[in-house]
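Take a look at the structure below.
The values are calculated or read from the model by the stated rules, or taken from the named source; none is laboratory data. Source: prediction; values computed, not measured. Backbone-built Cβ (ideal geometry, glycine too); neighbour counts: all protein chains shown.
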Amino acid sequence: MDTYKIQYFLAAARSENLHKAAVETRSSAPAISKAIKSLEEELGTKLFQRSGRNIKLTGAGEHLQIRGNEILDLMHSVKHELSDSHRPKKFRIAGREFLLAEFGLKLLDQLKLSGTTTQIELIHCSGEDAMQM
């Protein structure tokens, strides 16, 4: 089961319309239809009841909608947990004392509120030395 198929399926489930799902996913209606058909064949069950241009989830479709969202959420969490953005950051801020007090402390407060794991070193020095650092 490919994630792009799940994404296409979920877009169709939300909009109950293949054309709207295509716009949402920046794809085409035939690509959405093909992905859904492939999922239905793979799972051995119908996911939508079709009535003209309208589609409605079947019981199996409702189940896949719940599980599909869980799958994508879990994948997103794993990517975030293993990415560099989750690792602690280190910053060095150099400048005059009044600037460090004003901006450095504000930055520290914002980082604490965001829950970011960050190490910040404040270095008191002249403006020229700060620019070289």
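Before moving on, here are some points about what is shown:
- Residue within the stretch 23-37 that is more than 16 Å from Lys5 (Cα to Cα) and of a type in the set (A, V, I, L, M) present: no
Results for (1) among the aromatic types (Phe, Trp, Tyr); (2) at pLDDT below 80; (3) assigned to a strand (DSSP E or B), shown as yes or no for each residue.
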site: Ile71; (1), (2), (3): no, no, no
site: Lys90; (1), (2), (3): no, yes, yes
site: Leu100; (1), (2), (3): no, yes, no
site: Phe103; (1), (2), (3): yes, yes, no
site: Leu107; (1), (2), (3): no, yes, no
site: Leu111; (1), (2), (3): no, yes, no
site: Gln119; (1), (2), (3): no, yes, yes
site: Leu122; (1), (2), (3): no, yes, yes
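- Residue within the stretch 13-22 that is surrounded by 11 or more Cβ atoms within 10 Å (Cβ to Cβ), outside any strand (DSSP E or B), touching an Asp or Glu at 6+ places or on another chain (Cβ under 7 Å) and without any contact (Cβ under 8 Å) to a residue 40 or more places away in the chain present: yes
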